[in-house]
Every structure is written in C-alpha cells, then in structure tokens.
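Participant: Quick one: structure below, then a few questions.
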Amino acid sequence: METCEPVTSAAAWRGDQIKAGEDWIYHLSPVQIAELEDLGAKFVEDDPDLRFVQASEYPLKACADAIAEWGSDVDTGRGFVLVRGLRTHLYSDALSSAIYYILGLHMGDPIRQNEMGDLLDHIYATSDKTMDDPTALSSKVRDKLVFHSDSSDVVALMCLRPAKAGGASCLVSGAEIYNEILRRRPDLAPLLLEPFHWDWRRQDHNAPANTYTSPIISIEEGVFSMYAGSLYILTAQDYPGVPQLSDAQKEVLELFDEITYEPGMAIEMDFRPGDIQWLSNYGALHSRTEFFDFPEPQRKRHLLRLWLSRDAGRPVVEGFGKNGVVQVREKPREGADDDNAGKFKIADAAVPRMIS
C-alpha cells in the first residue's frame, strides 16, 4: 500500500482559524459594481442564448484583476472566496442573474444541471420533504445537507434573498480532513485513492445509469483534489451488481465523516443579498444548515447556482469526480432528440421551477 504525505499548501485550513480574519471575503468597489450593473443591463437587453454567449461579448475591465484573484483563490489557494457588494435589493432577478452569469462566463464555462438542460439553477424550497426521503431534491427542500461535492470543477452560489432563519453555508477543507486521517489512521488513508461506486440516480432522477465510479482523493503531479459525500457511496450499495464495501472502506468513510463534523473544522457563513460564493469542488466540501422560510413566495430563501467547467490545468486521475458524466453547455444530454426543454433566456432562467 502506497505511502501518503500530508498536504501543506493553502488548501489545508481549519474553519476556526480562517474565520478569525476576513481574507476570504472580497469587497467589490463602487467602480466594479457600476461596471457589472451596466454590463448586466446590456445582457438583459441583448437577451442572448445562454448556451452560446461568450465572455468576450461582455468584457470586464474594472473587474479583470478581481476575476484573476478569485480564480487563484479557487485553484491554488484556500479553494473558495466570498464576493460581497452587489446591490441585488435594487435589481430585478433578471438583472441579478445576468450579472451573475457574466461573472460565471469569466470564471469558467457553465454546464447543464438537470435533465431539462438548465444552465442556471435555483436553490428554492418547494417541498417539505427531508433528505432521508430518496425522492427529495437537495435544492428544493429546507432540510440540512451533509457535506458533499457537486458535479463540476467550480460551484457558485449567489444569494438573492436569505432565509428567515438558518440556511448557513458551511465549508470544510478536504485537504485538512485528509491530513487528520493521516495523523490518526495512516493505514486507512490510501483507501481513499481507490475507486468507489457513487449513487447517480439519487443525485439525478433521470440519470442514464444507477452509479458512476470515482476515488475520493486524487493526487496527481503533487496536486491534491477531493470528491466526497459518503451518503451517495452508501446508497449506491443498494443497487444490484455494486461491490459491497469492505470493513476497512466502511471504517475510513466513518472516520472521514467524524472528522468533517468535528468542532472547528468548518467555516460557517451567512449569506447576505448579493453575496457570491465561488468554490472549488476539488478543494472544499460544502453543506447547509436547516432553514426556515418566510410564508410569502417572494420572500423565500432564494439562491442562484452555477456549475462551471474551469480549464485551469488541474491534474486529476482519469474519471475523477463526476466530470466524466456531466453535460456540456452547448449540447443536450446524449440521446436527446431536441433541446427545447431548458431555460436558455435570462428572463426565463431567473425564475425557479416549481418542482418538488
């Protein structure tokens, strides 16, 4: 069994340490805000097809250095950054969505998030289900979410409206979890580099297969990456033909989860209107606390989500994460006869689907 070395880069951090400062928050300047508002208004007026519009059509000047800084934070830094300052309380949801999509184009390439082909998705509760219900969709319920990775290089969230109470975003460093496993059980750590079966059907009810495979950890050319969420490994065990986990694999998954939820490991942040969180799915895991909504639909907690493919030259083992099975921006899911189910205009995309 191979020898594993601890991660010593900026990707390894503890939440109780970095929460003491504000290096992880980027405050937009008035000039940057004005640029984004002007470009967003132009985007709404132009009404481009979200599948084909390019970042070069909406060039950034005042925000160009910020984009580079956020990209560095995500790719080679702590793995996340929170951007603050947009005045979404003054915008229509279409304008907020346009600004967000423009920034997303400059941070990567949006990918499709569901069977309809939507490029911009919504975290908006339409159901009272809890996550122990296998039909529950995490973006449509108020229940707490366990720590996990999403199906993209970068996941971004923009807050339009926070919850009445709760709904904090929680992040934890994958590298620090790995380091703790090395300290406590170095004999189990190499198992994380071996492939596990993941429940695809639970994540996407219209997935073309029950499962896909990926290791939890990739270490290529000295670069550490993590893809995690033990829930989907455990539920994948219910499908016929999936190899059963060994006792050692169960033990390392239990230790992984135990460390993840230890006090001080995660950073917890409350979203304010206009906040945008950029997060590397390779560097940090994310979760959410339970939340309670206002009764009025227009006041309910509402976040926008982008999944981005980001060509930053990050080396990962073949088939790592779910990147081998996600959809690209320009084309429908393989086997689809047409591509007219998605919301590809910004005014439409800014409205959440009322599905449960």
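The values are calculated or read from the model by the stated rules, or taken from the named source; none is laboratory data. Values in this document were obtained by computation on a predicted structure and should not be read as measured data. Cβ atoms come from the backbone with ideal geometry, glycine included; neighbour counts cover every protein chain shown. Protein only, heavy atoms only, side chains kept; ligands, DNA and RNA dropped before computing areas. Shrake-Rupley method; radii C 1.70, N 1.55, O 1.52, S 1.80 Å.
Participant: Using the Karplus equation 6.51 cos²θ - 1.76 cosθ + 1.60 (θ = phi - 60°), what ³J(HN,Hα) coupling, rounded to whole Hz, does each residue of the range 33-40 give in order, writing x for Gly and Pro?
Facilitator: Values per residue, Gly and Pro as x: 4, 4, 4, 5, 5, 5, 5, x Hz.
Participant: Could you please report the charge total around Val155, scoring K, R as +1 and D, E as -1 over all other residues with beta-carbon less than 11 angstrom from its beta-carbon?
Facilitator: On the way: positive: Arg305, Arg310; negative: Asp121, Asp150, Asp153.
Result for the local shell: -1.
Participant: In the Gaussian network model of the chain, springs joining C-alpha atoms below 10 Å, which of Gly264, Gly77, Gly104 carries the largest mean-square fluctuation?
Facilitator: Taking springs between Cα atoms under 10 Å, the residue moving most is Gly264.
Participant: Angle, helix 247-260 long axis vs. longest principal axis of the chain, Cα atoms, 0 to 90°, nearest 10?
Facilitator: 40 degrees
Participant: Can you tell me how the range 9-151 classifies by the Cα gyration tensor, rounded, prolate or oblate, using a/c under 1.5 as the rounded cut?
Facilitator: On the way: a/c = 1.77, a/b = 1.13, b/c = 1.57.
The shape class here is oblate.
Participant: Still on this model: List the trypsin sites (Lys or Arg not before Pro) in the range 29-123 that DSSP assigns to loop (not H, G, I, E or B) and whose Cβ has at most 12 other Cβ atoms within 10 Å. Which are they? All intermediate terms of the calculation are to be shown ahead of the outcome.
Facilitator: Values: sites: Lys42, Arg51, Lys61, Arg78, Arg84, Arg87, Arg112; in loops: Arg51, Lys61, Arg78, Arg87.
Those satisfying the criteria are Lys61.
Participant: With everything on Cα atoms, drop me the angle between helix 64-76 and the longest principal axis of the chain, reported from 0 to 90° to the nearest 10.
Facilitator: Tilt of helix 64-76: around 10 degrees.
Participant: While we're here: Is the shape of the range 90-132 rounded, prolate or oblate, going by the alpha carbon gyration tensor and its root eigenvalues a ≥ b ≥ c, with a/c under 1.5 for rounded and a/b larger than b/c for prolate? Don't skip to the end; give the middle numbers.
Facilitator: Working: a/c = 2.70, a/b = 1.47, b/c = 1.83.
Note, shape of the range 90-132 comes out oblate.
Participant: Could you check how much of the accessible area of the range 262-326 is carbon and sulfur, as a whole percent, using a 1.4 Å probe?
Facilitator: Working: 1340 of 2750 Å².
The computed percentage sits at 49.
Participant: When the Karplus curve 6.51 cos²θ - 1.76 cosθ + 1.60 is applied with θ = phi - 60°, which whole-Hz ³J(HN,Hα) does each residue of the range 302-317 get, with x for Gly and Pro?
Facilitator: 9, 10, 9, 10, 10, 9, 10, 8, 10, 8, 9, x, 6, x, 9, 5
Participant: Taking the Cα-to-Cβ direction at Glu268 and at Asn206 and moving 7 Å from each Cα, how far apart do the two end points lie in nm?
Facilitator: 3.7 nm
Participant: Over the range 47-103, what percent of the accessible surface lies on carbon and sulfur atoms, probe 1.4 Å? Numbers along the way, then the final one.
Facilitator: Working: 1110 of 2180 Å².
For the range 47-103, the apolar C and S fraction of the accessible surface comes to 51 percent.
Participant: Would you mind getting me the FRET efficiency between His89 and Ala336? Use the beta-carbon distance for r and R0 = 56 Å, nearest 0.05. Working shown, then result.
Facilitator: Details: r = 39 Å, r/R0 = 0.69.
FRET efficiency, His89 to Ala336: 0.90.
Participant: I would also like to ask the following. Top mean-square fluctuation among Val31, Val141, Val74, Gaussian network model of the chain, C-alpha springs under 10 Å?
Facilitator: Of Val31, Val141, Val74, the Gaussian network model singles out Val31 as fluctuating most.
Participant: So what's the net charge close to Pro134: Lys and Arg +1, Asp and Glu -1, counting the other residues with Cβ under 12 Å from its Cβ? Please list the in-between numbers first.
Facilitator: Numbers: positive: Lys129, Arg201, Arg202; negative: Asp132, Asp133, Asp199, Asp238.
Neighbour charge sum, excluding Pro134 itself: -1.
Participant: Rounded, prolate or oblate: which one fits the range 146-276, using the alpha carbon gyration tensor with axes a ≥ b ≥ c (rounded when a/c is under 1.5, else prolate when a/b beats b/c, else oblate)? Don't skip to the answer; put the middle values down first.
Facilitator: Values: a/c = 1.92, a/b = 1.29, b/c = 1.48.
Oblate.
Participant: Please give the net charge around Trp13, taking every other residue with its beta carbon less than 9 angstrom from that of Trp13, where Lys and Arg add +1 and Asp and Glu add -1.
Facilitator: Details: positive: Arg14, Arg78; negative: Glu176.
Residues near Trp13 contribute +1 overall.
Participant: Taking Cα atoms, how many degrees apart are the long axis of helix 174-184 and the longest axis of the chain, rounded to 10 and kept between 0 and 90?
Facilitator: Once rounded, one gets 20 degrees.
Participant: Under the √(5λ) rule applied to the eigenvalues of the Cα gyration tensor, what semi-axes describe the equivalent ellipsoid of the chain? Give them in Å, descending. Please list the in-between numbers first.
Facilitator: Numbers: eigenvalues 199, 109, 81 Å².
One finds semi-axes of 32, 23, 20 Å for the chain.
Participant: How many nm separate the modelled label positions at Glu194 and Glu251, each set 7 Å beyond the Cα in the direction of the Cβ?
Facilitator: Inter-label distance under the simple model: 1.2 nm.
Participant: State in Å² the accessible area per residue of the range 246-356; use a 1.4 Å probe, count heavy atoms of protein chains only, and round to the nearest integer.
Facilitator: Details: 5490 Å² over 111 residues.
Averaged over the residues of the range 246-356, the accessible area is 50 Å².
Participant: Running a GNM on the chain with Cα contacts under 10 Å, which residue among Lys250, Lys345, Lys140 ends up with the highest mean-square fluctuation?
Facilitator: Highest fluctuation of the listed residues: Lys250.
Participant: On to the next question. Would you mind working out the accessible area per residue for the range 101-229, using a 1.4 Å probe, and quoting it in Å²?
Facilitator: Working: 4060 Å² over 129 residues.
Result: 31 Å² per residue.
Participant: Can you give me the distance in nm between label points at Glu5 and Asp348, each placed 7 Å from the Cα along the Cα-to-Cβ direction?
Facilitator: Distance between label points: 5.2 nm.
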